Every structure is written in structure tokens, then in C-alpha cells.
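J.: Input: one structure, supplied below.
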Amino acid sequence: MDRASQQADTTIRIAGAGDIHCQDSRRAEAMRVFDELADPVDLVLLAGDLTAHGEPAEAAILADASQRIDAPVVAVLGNHDWHLARQREITAILTEAGVRVLERDSTTYTVNGAEVGIAGTKGFVGGFAPSHVSDFGEPALRRLYAETSEEVEALHRGLGAIATCPIRIVLLHYSPIAETLEGERPGIWPFLGTDRLAAPILEREPDLVLHGHAHSGSFEGRIGATPVYNVSVPVMGRDFWRIELSTSTVPVSPVH
Ligand SMILES: [Fe+2]
Ligand SMILES: [Fe+2]
């Protein structure tokens with residue numbers, strides 16, 4: 001049996017959500033949400049803003065909730081998780097609980113016999129054509145530009161690392177496209193993401209991109225052939241969005 005026919009039947013069930021903003025007053029709700037995920041799911045993807053205020057205790061709620069399911073949970077952090085500069089503690093708490101926190105990194109899982117690669121990073125600000133923050137002027141502004149450049153480079157590296165996986169996913173907090181920001185005030189779009197993050201996605205054509213952050217944005221967009229979903233809970237109006245990806249739908253070439 002060749003590689004293509006071996007992969008033809010493989011489908012993975014994904015549940016994605018962003019901006020779950022765990023906090024003590026909603027602890028019971030977090031447990032309920034993960035209990036309901038016990039419905040068959042192979043992979044859970046969390047698109048940042050895991051906590052309400054960046055408190056490690058809030059991350060501990062998610063750590064507890066994640067214990068209620070068997071499927072791997074992969075997350076990126078959001079700006080709220082960085083707010084108190086305790087993001088390393090948050091990452092440590094989640095990692096201890098078995099949640100894989102991706103920051104400028106990638107990981108792979110074998111799910112139902114198929115290798116799934118996930119490139120994940122928070123992303124950052126910068127705006128969308130024709131209104132980008134530029135690499136010009138005061139050092140503070142140029143540092144902001146450089147921070148986004150680091151995120152873009154990390155996404156390039158992450159997608160390179162998972163290039164041979166038959167199913168490839170990008171997980172972000174900030175948006176790589178303007179399309180999924182429709183509904184947000186255009187004046188704040190430069191703070192909700194940047195299409196500089198779209199370049200590696202356009203080049204590598206992963207199967208799926210998930211992001212959050214834009215609570216009042218739109219659900220669905222596209223970068224070339226790749227579907228992009230803003231899985232921010234307020235946008236979805238539900239706890240998790242579910243999608244199935246099948247290796248039978250990926251291009252013949254094993255390297256992307
Ligand atoms: Fe959020
Ligand atoms: Fe956010």
C-alpha cells in the first residue's frame with residue numbers, strides 16, 4: 001500500500017476555541033465545557049487568552065479542566081496571558097498538566113494513524129495592507145516591528161518543521177487576515193493582528209489556521225487555499241468549534 005492510500009481513510013476530529021478567559025468566578029463553567037468535550041474528539045486547540053487577567057491561578061483552572069479529557073490539548077498564549085508578565089508561570093502550570101503550550105514552536109501528534117503537525121505562536125500586532133506599522137522612526141516603534149518579525153520568522157520555522165506531516169495546522173492568537181476582523185472597529189485592526197503573519201501561511205499552505213483575539217470579528221476567512229477561522233468564543237457563540245480534517249483531502253506531495 002502506498003503512502004497516499006494508507007492515509008486515505010484517516011480523519012481527525014478537532015475542537016478549537018480562543019478567548020476562553022478562565023477566571024475563578026467561571027470555574028464551574030470551565031469544567032462543564034471540558035466535560036462536554038468528552039464527546040469524541042482527537043485534538044483540542046486553544047487559540048490564546050486562556051486566562052482573564054494573566055493570573056497563574058486562572059491558568060490552574062484550565063489545567064484542572066484539561067484533566068477531564070483524554071485528547072491532547074495544544075495552546076498558544078494570548079495578550080491577556082502576558083498581562084502580568086507571569087506568562088512563564090502560566091506555561092509551566094499548563095505544561096505540568098499535560099497541555100502543550102506552543103510559543104514560536106511546533107509539535108506533532110500521531111492521531112488515528114496520521115501525523116498531525118501544529119505550528120503555534122501568539123502572533124502580534126502590525127496592521128493590514130495598506131496600513132502597516134513600518135520599520136521606521138523611533139526605536140520603540142522599530143522594536144514593535146521587530147517583535148512581529150520574530151513571530152513571522154517563528155511561523156516560517158514551525159511550518160518548515162512540520163512540512164512532511166499529512167495534516168498541518170497553524171495556531172495563533174492574533175489574526176493573520178483582515179477578513180476575520182470584520183465587525184471590529186477598523187481603527188483597532190492594527191492591534192488585532194497583521195497580514196505579515198499570512199506570508200508563511202500563503203507559502204506553505206497548511207490545512208487549517210485558527211486564531212482568536214478579535215471578540216467582535218467574523219468567523220471565517222481564507223489565505224490562498226487555506227481556511228482561516230476566528231474561533232474566539234464570543235464570535236462563535238458556543239464553547240468549541242468542531243471540524244474534521246482528513247488526509248484524503250491533502251495534496252499528493254508529502255512535503256509542503
Ligand atoms: Fe480575548
Ligand atoms: Fe487577546
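J.: Taking 0.36 nm per residue of sequence separation and subtracting the Cα-Cα distance, how much length would be gained by fully extending the chain between residue 27 and residue 216, in nm to one decimal?
T.: 65.7 nm
J.: Here's another thing I want to ask about it. Based on a Kirkwood Rh over C-alpha pairs, give the Stokes-Einstein translational diffusion coefficient of the range 3-249 at 25 °C and viscosity 0.890 mPa s in µm²/s. Provide the component values of the computation, followed by the final result.
T.: Numbers: Rh = 17.9 Å.
The diffusion coefficient I find is 137 µm²/s.
J.: Answer with one residue from 145, 218, 97: the one whose Cα lies farthest towards the positive end of the charge dipole of the chain, charges on Cβ with Lys, Arg +1 and Asp, Glu -1.
T.: Of 145, 218, 97, it is 145.
J.: So between residue 244 and residue 141, what do we pick up on full extension, going 0.36 nm a residue minus the alpha carbon distance?
T.: Additional length available on full extension: 33.0 nm.
J.: If you take the charge dipole of the range 12-165 about its Cα centre, with +1 on Lys and Arg Cβ and -1 on Asp and Glu Cβ, which of 28, 123, 18 is farthest toward its positive end?
T.: Going by the charge dipole, the pick is 123.
J.: Here's a follow-up. Given Cβ point charges of +1 (Lys, Arg) and -1 (Asp, Glu) and nothing else, what value in debye, to the nearest 20, does the dipole of the chain about its Cα centre take? Let's see the in-between values first.
T.: Numbers: 21 positive and 36 negative charges, 46 e Å.
That gives a dipole near 220 debye.
J.: Under a 10 Å cutoff between Cα atoms, tell me which one of 213, 156, 173 has the largest fluctuation in the Gaussian network model of the chain.
T.: Of the options given, 156 has the highest mean-square fluctuation.
J.: Give the separation of the Cα centroids, the range 36-77 to the range 135-210, in Å.
T.: 22
J.: Counting other Cβ atoms within 10 Å of each Cβ, which GluC sites (Glu not before Pro) in the range 145-244 have at most 16 and sit in a DSSP loop? Working shown, then result.
T.: Working: sites: 147, 150, 151, 153, 179, 182, 184, 203, 220, 244; in loops: none.
Sparse-neighbourhood loop GluC sites (Glu not before Pro): none present.
J.: Now, a different point. Compare 218, 131, 175 in a GNM of the chain, Cα atoms joined below 10 Å, and give the one with the largest fluctuation.
T.: 131
J.: 222 nm [θ] for the chain, helices only, -39500 (n - 2.57) per DSSP H run of 4+, per residue, to 500?
T.: Mean residue ellipticity, 222 nm, calculated: -8500 deg cm²/dmol.
J.: Also, quick follow-up: Relative contact order (percent) for the chain, with alpha-carbon contacts under 8 angstrom and 6 or more residues of separation?
T.: 22
J.: How long is the gain from residue 38 to residue 103 if the chain were fully straight, where each residue apart is worth 0.36 nm and the alpha carbon distance is subtracted?
T.: 20.8 nm
Any read-out appearing in this document is the output of simple, stated calculations on the displayed coordinates, not a laboratory observation. Keep in mind that this is a model prediction, so the values were computed, not measured. All Cβ positions, even for glycine, are placed from backbone atoms using ideal geometry, and neighbour counts span all protein chains on display.
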